[in-house]
Amino acid sequence: DTVNKRTGVLEEKIRGLDKQLLTLKTQIKATRPGPAQNRIKQRALQILKQKRMIEQQRDQLEGMAWNMEQASFAHENIKTAINTSQAMKGGTAALKAEMKNVSIDDIEDNLDDMADLLDMTNEIQEAMARSYGVSDDIDEADLDDELAAIDEQLALDDELGESETPAYLQDEVAAPEAPQPARPISSNEQVDEFGLPMVAN
């Protein structure tokens, strides 16, 4: 922090000297060549030398600050490496202690037993899923016939559209219509209680 503060002070001085040099530059342009202008130039040269000296001091301080940051960074890296190494050492010791309780032979025996049980389970499932009464002699010709039948059924369904009548009822004979009278009955003709025309005596 001290180095950074000192660098800030030097930066302020450099900015002040730059302002003075700008002012002297304006004065040099405003005066004619001669003793007066020469005095202004000499003053400007002195300020420029002072600025160069302060800039050199600033650069040295910045170099020191950089070196200090690098040293601090390296120190942090070393601390991190030490902590990491200690953590790994502790983890390795714990792992070694746990490995003493592990038997590779026991693990392999358990895996073998597991494989045997899985094989038995697969055999049981195959036995339970076995089909009876279904012929195994199904060839590609049977498959082609079945697919053709499915295509015909789909085409038939498309032709029927949204009809609610099932396909197996489409060919049934239509229901008979209600009986119609043989001839119309005139308004003057008398009928009996059954609605039939009465025969004249």
*Qualifying residues in region 2-17 (those that are touching a helix residue (DSSP H, G or I) at 6+ places or on another chain (Cβ under 7 Å) and open to solvent by 40 Å² or more (accessible area, probe 1.4 Å)) - the one nearest to G63 (Cα to Cα)*: N4
*Please list, ordered by first then second residue, the pairs with beta carbon atoms under 9 Å, 6 or more apart or interchain, first in region 57-78 and hydrophobic (A, V, I, L, M, F, W, C), second open to solvent by 80 Å² or more (accessible area, probe 1.4 Å).*
L61/N4; L61/R6; A65/N4
_Single condition R43 does not satisfy, out of (1) open to solvent by 100 Å² or more (accessible area, probe 1.4 Å); (2) free of Cβ contacts under 8 Å to residues at least 24 places away in the same chain; (3) within 22 Å of T2 (Cα to Cα)_ = (3)
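The values are calculated or read from the model by the stated rules, or taken from the named source; none is laboratory data. This one's a predicted model, so the numbers in the text were calculated from it and none came from an experiment. Virtual Cβ from ideal backbone geometry, glycine too; neighbours counted across all protein chains shown. Protein only, heavy atoms only, side chains kept; ligands, DNA and RNA dropped before computing areas. Shrake-Rupley method; radii C 1.70, N 1.55, O 1.52, S 1.80 Å.
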